[in-house]
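S.K.: Before I ask anything, let me first share the structure, which is written out below as structure tokens.
Rule-based calculations on the coordinates, nothing more; no lab input. All of these numbers come straight from a predicted model, not from anything done at the bench. Cβ placement follows ideal geometry from the backbone for every residue including glycine, while neighbour counts extend to all protein chains displayed.
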Amino acid sequence: MENVVLIIHLLLALSLIGVVLMQRSEGGGLGMGSGGGGGAISGRSAATALGKVTWILAIAFIITSITLTIIAAQNAAGSSVIDRLGPVSEDSESPSTPSLPAGDDLLPPGEGDDGPLVPRAD
């Protein structure tokens, strides 16, 4: 189901790009070309067929986006990335983990110790 919606979503995206690129420019893009009586003061022009197709494709694109979000949320509910990695066996010890020496070698010096503050080289 998710793959079907994703393919429809990609087709809608490509067709939306194509329809937008086929539309006629109204000028004034990037602040250039302020002539011709158009602009914010002029009346609204009639919707063309390409404009209507653009709206339909945009609405369908948004619907498929929301649908994909809902499907992804349902598939990921109750699980995390760590859960998907699989169980880690506690039997095998990592070879990069050093073994610690037993005893008081790692403790800091006490009050009466006059020894150096560096660890012994054994």
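S.K.: Using the beta-carbon distance between Ile62 and Leu85 and R0 = 30 Å, what value does 1/(1 + (r/R0)^6) give for FRET efficiency, to the nearest 0.05?
M.R.: Details: r = 34 Å, r/R0 = 1.15.
Once rounded, the FRET efficiency stands at 0.30.
S.K.: Which order, highest average first, do 57-69, 13-25 follow once you tally other Cβ atoms within 10 Å for each residue and take the mean per peptide? Could you put the intermediate results ahead of the total?
M.R.: Values: 57-69: 14.4, 13-25: 11.7.
In descending order of packing, they fall as 57-69, 13-25.
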